[in-house]
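Just below is one structure, and these are the notes that go with it.
The values are calculated or read from the model by the stated rules, or taken from the named source; none is laboratory data. In this text, all values refer to a predicted model and were calculated from it rather than measured experimentally. Glycine also receives a Cβ, built like all others from the backbone with ideal geometry; neighbour counts cover every protein chain displayed. Areas reflect the complete protein model, heavy atoms only, side chains present, ligands, DNA and RNA absent. Shrake-Rupley method; radii C 1.70, N 1.55, O 1.52, S 1.80 Å.
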Amino acid sequence: MIIADVDEVEIVVAHDERATLRVGDVFLKIDGDPTRIDVEVEAMAMAPIPTPKVLWRKPPVLALAALPGTALGRLGESSTASSAAWAAAGAATRMLHDAPLPPWPGRSLNDIASRLDGECEWLRRIAEAALRRWPPVFTHGDLQVTHVFIDGDEVTGVVDWSEASQGDALYDLAILTLGHEEHLGDVVAGYGADIDLDVIRAWWSLRSLSAVRWLVEHGFDPFSPGCEVDVLRSRM
């Protein structure tokens, strides 16, 4: 496929594991681990909610069409999306979780507990509520607000499916609302089920704790206002 002439190339994200570039209306994902691209393509094909169109694939590059609309929000910034849009994100997440399970398993309780122990034992008492048995559902695995696209009050699609697997429904809801606690009620209303908010808060802590070192090592700033360190501070 030939990409039409464009004025600039935007670096969306880049670190030593993978990079995503935007070239006009095409996103190019470059990943050193081909299994992550395999998972992403298969998960998007299975997902019952809108996903980006796969334009072409030539390892280690995957080309995806840009989604209409804008991201639901960005971690560390106030979201300008409406309450109805956040509720739509909750409803889309519920639709995903009600879908048939993907054939590959997700992280085990032992994997999660081991990572938590290795990162910071002193925060364990805050995050332990997440370490319980859950009925597995089809989870996105990295449902942060920059991966959810909206147009007005509607979800137009969800991107970045490389972490998709069987997992905990409340983990997806926690990642969707990480740093946007003020919209948790909207998401839960859209999701349409009884939710243990203490588990959501525990996942906020666990995700933030386990991500801080990785973010620093890969050139991101978890200390920016509203980001992971602020999330941890708010739970203490």
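Show the residue pairs that are 6+ apart or on different chains and have beta-carbon atoms under 7 Å apart, the first residue being within the stretch 88-102 and at pLDDT 95 or above, the second being assigned to a helix (DSSP H, G or I) and open to solvent by less than 10 Å² (accessible area, probe 1.4 Å).
A89/L176; A89/V187; G90/V187; T93/D172; T93/L173; T93/L176; P102/A43
Tell me, yes or no, whether the stretch 175-182 has at least one residue that is open to solvent by 10 Å² or more (accessible area, probe 1.4 Å), under 26 Å from P34 (Cα atoms) and either touching a strand residue (DSSP E or B) at 6+ places or on another chain (Cβ under 7 Å) or among the acidic types (D, E) (or both).
no
Are any of the residues in the stretch 136-149 part of a loop (DSSP other than H, G, I, E, B), modelled with pLDDT of 90 or more and surrounded by fewer than 14 Cβ atoms within 10 Å (Cβ to Cβ)?
No, that holds for no residue.
Within the stretch 165-174, is there a residue that is touching a His at 6+ places or on another chain (Cβ under 8 Å) and buried (at least 19 other Cβ atoms within 10 Å of the Cβ)?
Yes; the residues of the stretch 165-174 include at least one that is touching a His at 6+ places or on another chain (Cβ under 8 Å) and buried (at least 19 other Cβ atoms within 10 Å of the Cβ).
Contact list please: Cβ distance under 6 Å, first residue in the stretch 137-152 and closer than 7 Å to A71 by Cα and in contact (Cβ under 8 Å) with a residue 24 or more places away in the chain, second residue open to solvent by less than 20 Å² (accessible area, probe 1.4 Å) and not in a loop (DSSP other than H, G, I, E, B), pairs at least six apart or on different chains.
H147/V158; V148/A89; V148/V158; F149/G157; I150/A85
For S208, state whether it is of a type in the set (S, T, Y), part of a helix (DSSP H, G or I) and closer than 27 Å to M95 by Cα.
Yes.
Any idea which of T35, T51, T20, T80 is open to solvent by 70 Å² or more (accessible area, probe 1.4 Å), outside any helix (DSSP H, G or I) and either of a type in the set (S, T, N, Q) or out of contact with any Leu (no Cβ under 7 Å at 6 or more places or on another chain) (or both)?
After ruling out the rest, the residue left standing is T80.
Return a yes/no flag: does the stretch 171-194 have any residue that is without any contact (Cβ under 8 Å) to a residue 12 or more places away in the chain and aromatic (F, W, Y).
no
Does at least one position in the stretch 208-215 carry a residue that is over 25 Å from R18 (Cα atoms) and of a type outside the set (V, I, T)?
no
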